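What follows is a short report on a single structure.
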Amino acid sequence: MEIKVGIQHINREVVLEVTQSAAEVEEAVNDAFTASDPAKAVLVLTDEHGRKVLIPSDKIGYVDIGEENGRRVGFGAV
């Protein structure tokens, strides 16, 4: 699943392919935003290759959670 994170004052968004479900990603985002000290809260996402990306929650502009199902390709795609 593709996740896009917009960061304040940065022109490009961070794009990750993750193996987590949409619910798991949403929970991680909510946890980062509701931490007791927002200045020290961090959103941690792990991509499909095992690399971790850490983003300070107070710098997040938006999070776009893509579809859980992969794109269908071929003659059967509708």
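The values are calculated or read from the model by the stated rules, or taken from the named source; none is laboratory data. Just so we're clear, the structure is a prediction, and the values are computed from it rather than from any experiment. Here the Cβ positions follow ideal geometry from the backbone for every residue, glycine too, while neighbour counts run over all protein chains shown. Surface accessibility is based on the protein's heavy atoms, side chains included, excluding ligands, DNA and RNA. Shrake-Rupley method; radii C 1.70, N 1.55, O 1.52, S 1.80 Å.
Of all residue pairs spaced 6 or more apart or on separate chains, those with beta-carbon atoms under 8 Å, a first member in the stretch 54-65 that is under 14 Å from Ala28 (Cα atoms) and a second member that is in a helix (DSSP H, G or I) and not hydrophobic (A, V, I, L, M, F, W, C) are Ile65/Glu26. What are the residues in the stretch 24-38 that are open to solvent by 70 Å² or more (accessible area, probe 1.4 Å) and either of a type in the set (A, V, I, L, M, F, W, C) or not in a helix (DSSP H, G or I) (or both), if any? Passing the criteria: Phe33, Thr34, Ser36.
Only residues that are assigned to a loop (DSSP other than H, G, I, E, B) and not basic (Lys, Arg): list them for the stretch 1-13, please. Met1, Gln8, His9, Ile10, Asn11, Glu13, listed by residue number.
Looking only at the stretch 39-51, filter to residues that are at pLDDT 85 or above and not in a strand (DSSP E or B); which one of those is nearest to the chain's Cα centre (by Cα)? Once the filter is applied, the top-ranked residue is Asp47. Residues that are open to solvent by 80 Å² or more (accessible area, probe 1.4 Å) and either assigned to a loop (DSSP other than H, G, I, E, B) or modelled with pLDDT under 90 (or both) within the stretch 60-78 comprise Glu67, Glu68, Asn69, Arg71, Arg72, Val73, Phe75, Val78, listed in sequence order.
Scanning the stretch 22-47 for residues that are aliphatic (A, V, I, L, M) and without any contact (Cβ under 8 Å) to a residue 40 or more places away in the chain returns Ala23, Ala28, Val29, Ala32, Ala35, Ala39, Ala41, Val42, Leu43, Val44.
Put simply, of Leu16, Leu54 the only residue that is open to solvent by less than 70 Å² (accessible area, probe 1.4 Å) and either in a loop (DSSP other than H, G, I, E, B) or within 20 Å of Met1 (Cα to Cα) (or both) is Leu16.
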